[in-house]
Amino acid sequence: MRDNDDLFFLDEDENASSTKVTHKPWKVLIADDEDEIHRMTKLVLGEYRFEDKGLEFFSTYSAEESKKILREHHDIAMAFIDVVMENDTAGLKLIEWIRKDLKNTMIRIVLRTGQPGTAPEKSVIMDYDINDYKEKTELTETKLFSAITSSLRSFRDLTTIDKSRKGLEQIVKASGHMIEEHSLKLFAKGVLMQLAALLRLDEDMIYLHISGMAAREDNGEYIILAGTGEFQEYENKSLNQLVNNEIMELFSLAISEKKSIFKDSYFLGYFQSEAGGDNILFINGGKPLDEIDQELFQIISTNISAALENIYLTEEMEETQKEIINTLSEVVEQRSHEISYHVQRVSEYAELLALKYGLSKGKATILKLAAPLHDLGKIGIPDSILLKKGLLSPDEFNNIRNHVNIGHNILKTSKRPILRAAAIINLEHHERWDGKGYPHGLKGQDIHIFGRIIMVADVYDALLSKRPYKEAWKIEKVLDFFKNERGKAFDPDIVDILMDSSSDLKEIYERYLI
């Protein structure tokens, strides 16, 4: 029986199938037109290992052959390049191409020459971005060993820095776009890359988050939130789709025991979430983690889990806000019998028109979230007017017009971007391009772009839908109406976008039909 520690190690006899630790070899290019050089280099370095990984050789006999290999294998760690191959400067030109055209600054280059007079060491070191210069006569077994060890150590450190940089970029990008849909995934992927860089691990790792609340844990489905390396293709898929039975058994054990596991090169960090559900951080480091790395990993992963939970809670709050806005909007629309997903369709239309108009993704998102509240003021209009069939009297018409002021007054004191946008929309979505709208008779671009877009989106959906005072119009009649009112009621540019987007708008309309 196990104790209640948060971490345990699998005994060797606890799992019948032993974990196979695979180590990707260091890739080494040998570019030389002498076959003997290839043979001797491979012979001398055949048993070489650095950080428990061997070598994978690529042999080329010309600069052009080398370019093909380098294009296909971006992770080549080092290259032995001969100066003279198909011509006297082929090797030097190849080095220029690697650094300037291929833009590969990571690969470590050892220039080898059998004719030092052709490429003097001092001038070559100054003029070409190489890491070492050797005459072929001095490349003894010891010299080869020293050259490759130095190169691989340097390559390892550069890739560690690069992984860390990429991880930081992902984290910064996520924190700067919290309102966007995939910020949690970006953050998760960023911290995975940072962790791999810090511990010098391979990039086969995965972050999982269970859907639903803690009460649904037994029936909950684990979804792969973010992955790197071999797990990247499984993002947004169910954990059950993983084909590696050994890993699946470890996941099942971590979940059932509710504890983190170290086994050989694998680490599964299990974290219970106060928000409901479980978090699991999985790493395949490609090598057994020593005690210091295990300690470091446990500390880091615990903090990562807390950070991810905070982001998850933020996104949950945003989703709750959206749902409240949509629910409130539906209540308003149902009072006027404008039901059946009208507000959702207007939101989708508005985002589409905004993006095609040229608004930023951020502004288009705010408009989409605010759009459902465009007729909030109708909550203050009596049912006798709102639900009246037939023509309104002048007094009744003036009364219903007042819904724009009612909605604006409800929302105008908010400091939240979405509600501030909703206040503008409420006040201006009945203003006309020609200045004959209400409540203030604004004209042209004096009307806020949000108001102009919502007016088009709202009228488009209203005409297509049945109302107490009218039947639904055919799409051809709706488009003819907008053509006739282009530059009169509506912004001509937005009408043009509407016409060009008819198929996209139709898809949105049909998606929300009941």
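Where a number appears in this text, it was derived from the coordinates with a stated rule and is not lab data. Model, not experiment: these values are computed from the prediction. Neighbour counts run over all protein chains shown; Cβ positions are idealised from the backbone, glycine included.
Using 0.36 nm per residue of separation minus the Cα-Cα distance, give me the extension gain between T413 and R153 in nm, one decimal.
So the extension gain works out to 87.5 nm.
Of the listed peptides 476-482, 259-265, what is their order by residue-averaged count of other C-beta atoms within 10 Å, with the highest listed first?
Most protected by this proxy first, the peptides run 259-265, 476-482.
Using the Cα atoms of the stretch 26-139, I'd like the radius of gyration and the largest Cα-Cα distance, Dmax, both in angstrom.
My reading of the Cα-based Rg and Dmax gives 13.2, 39 Å.
Working from the pairwise distances between different alpha carbons, so that the mean of 1/r is found and then inverted, what is the stretch 336-511's Kirkwood radius in Å?
That comes to 16.3 Å for the stretch 336-511.
Past 29 Å, Cα to Cα: identify those pairs from K67/K143; K412/K474; K443/K483; K24/K67; K378/K443; K356/K483, in the order given.
Result: K412/K474 exceed 29 Å.
Can you tally the net charge around R486? Count Lys and Arg as +1, Asp and Glu as -1, for every other residue whose Cβ sits under 14 Å from the Cβ of R486.
In short, -3.
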